[in-house]
Each structure stands twice: as C-alpha cells, then as structure tokens.
Amino acid sequence: MIMKPDADILFEVSWEVCNKVGGIYTVVQSKASIIQDYYAGNYYLIGPYVPQKAAGEFSEGLPPDELKAAFEELGRKGIMCRFGKWLVPGQPKTILIDFNGYRRNINEVKRSLWDEFRVDSLRVPDDYNDPLVWAYCAGMVIDTLSRNVFAGKKIAAQFHEWLAGAGILFLKGKQAQAKVATIFTTHA
C-alpha cells in the first residue's frame, strides 16, 4: 500500500540548498528525488542565493506563470526570488532567495523576533545576521505563496537547523497570514 501525503504542497527550507556548507547539504539533496516523487511535483526547496555556490548547482529558469505575481510582490520588498532546478538527482524545483535588498531591515527583523518571541540578537556577528534575514525572507516567501498561489491547499514547510528557524517564527508571528504546518529538524 502506498501512503498519500497529508499536505498538498511541501516546502523544504535549508541554508544548504545549492549552498554546500556541511552535512545538511547531503541529507537534503539525497532525499530530494524521493520526496519530489512522493509529492508528485508539489515539492519546493528554498535556499539562499549565493552566486559563487549556485554556479554548477542551480539551473535557473523562468518561474511558472502562477508564481510570477508573487515573486514580483516580494521583489518590491527587496526579496528577489530565483526559480529553477537544483542539479541533484530528480532536479527538484528550487527557489533561491537573494536577500541582499532586504538586509536593510535587519533591525526590524530583530525587533519583531524580540517583541514576539524574546529572541535576543542584539550583539551577534554577521554569520548570524545573514541566515536570520534569509530565513525571515523564506517565511515571507512561503506566506506570500500560500495566500496568492496555493490558497485553499494544505501546506507544510520543513525548516532545517537554527539557520532556517526565523522562517518558522515569521509564519507563527503576527505578520503572517499563512495557514502552514511547520516542522523543525535539527541535525545535531
């Protein structure tokens, strides 16, 4: 007997999608083909756009028509979405987020996370700030897509490690309008 997925759409969010840093890269890329088949094409990976690392890992293409308006809305906020395929087995649909235009909002992000969740991030180095802003943007991407593209669908989003954690917090916070089931996976 083949089980059917409970969600209609699955987003998998990791700092290591098309951005090899450590072992999470191997975990995500090794299962992507199987998950993609299980979700019959309704599976999207989300990672950061790091040009030098995306080269050879990511084949950029035009986003499907149904995603264009949502990507344009996000672009007006400084969140540039690049759509394509991750060049791993199965070549899953992938959204890489260029968050450079949203970095200017780092203090607003930190304030929101403090006000709503008491996440203290006052004196942190850039290696904390970049994943924080990117993950927050990933939450915004999922929220926007859930409202504008996948409205009425059952959506789940899996976030890997602390580097993606701010995405969950965005979705659970006051700003988000999404009804998205979330999963947090730690690899420690």
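The values are calculated or read from the model by the stated rules, or taken from the named source; none is laboratory data. Because the structure is a prediction, the values reported are computed rather than measured. Because the Cβ atoms are built from the backbone with ideal geometry, glycine has one as well, and the counts that use them run over all protein chains shown. Protein only, heavy atoms only, side chains kept; ligands, DNA and RNA dropped before computing areas. Shrake-Rupley method; radii C 1.70, N 1.55, O 1.52, S 1.80 Å.
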Inset, instruction - Tally up the carbon and sulfur contribution to the accessible surface of the range 91-130 as a whole percent, 1.4 Å probe, everything protein left in place. - result: 44
Inset, instruction - Identify the residues of the range 32-72 with backbone N under 15 Å of a label point that sits 7 angstrom from the Cα of Asp6 along the Cα-to-Cβ direction, or state none. - result: none
Inset, instruction - Could you please state, rounded to a whole Å, how far the C-alpha centre of the range 68-112 is from the C-alpha centre of the range 142-188? - result: 14
Inset, instruction - Based on the mean of other Cβ atoms within 10 Å per residue, sort peptides 38-44, 161-167 so the most packed one is first. - result: 161-167, 38-44
Legend entry - Only Lys, Arg (+1) and Asp, Glu (-1) charged, at Cβ; the chain dipole about Cα centre in debye: 260
Inset, instruction - Over 27 Å between C-alpha atoms is what I'm after, so list which of Lys93/Lys154; Lys31/Lys153; Lys110/Lys179; Lys53/Lys174; Lys31/Lys53 land there. - result: Lys53/Lys174
Legend entry - Gyration tensor verdict on the range 1-77 (Cα atoms; rounded if a/c is under 1.5, prolate if a/b is larger than b/c, oblate otherwise): oblate
Inset, instruction - Give, rounded to the nearest 20 debye, the magnitude of the charge dipole that the range 68-125 has about its Cα centre when Lys and Arg contribute +1 at Cβ and Asp and Glu contribute -1 at Cβ. - result: 180
Inset, instruction - Subtract the Cα-Cα distance of Lys179 and Asn100 from 0.36 nm times their separation in residues, and report this length gain in nm to one decimal. - result: 25.7 nm
Inset, instruction - With a cut-off of 16 Å, note down the residues of the range 26-51 whose backbone N falls inside the zone around a label point 7 Å from the Cα of His187 toward its beta carbon. - result: 26-33, 45-48
Inset, instruction - Bin all alpha-carbon pair distances of the chain at 5 Å intervals from 0 and give each bin's fraction as a whole percent. - result: 1, 8, 17, 22, 23, 16, 8, 3, 1, 0, 0
Legend entry - Pairwise FRET efficiency - Trp162 versus Arg111, Cβ, R0 = 30 Å, nearest 0.05: 0.95
Inset, instruction - Rounded to the nearest 0.05, what FRET efficiency do Thr26 and Ser59 give with R0 = 22 Å and r taken as the Cβ-Cβ distance? Could you check? - result: 0.65
Legend entry - Whole-Hz couplings from phi, Karplus 6.51/-1.76/1.60, listed for the range 19-30; x for Gly and Pro: 8, 5, 10, x, x, 5, 3, 5, 4, 5, 5, 6
Legend entry - Relative contact order of the chain, pairs being alpha-carbon contacts under 8 Å that are 6 or more residues apart, as %: 24
Inset, instruction - Would you mind putting 78-89, 176-187 in packing order, based on average other-beta-carbon counts within 10 Å, highest first? - result: 78-89, 176-187
Inset, instruction - Rounded to whole Hz and in sequence order, give me ³J(HN,Hα) for the range 75-83 from the Karplus expression 6.51 cos²θ - 1.76 cosθ + 1.60, θ = phi - 60°, writing x for Gly and Pro. - result: x, 5, 8, x, 10, 9, 9, 10, 10
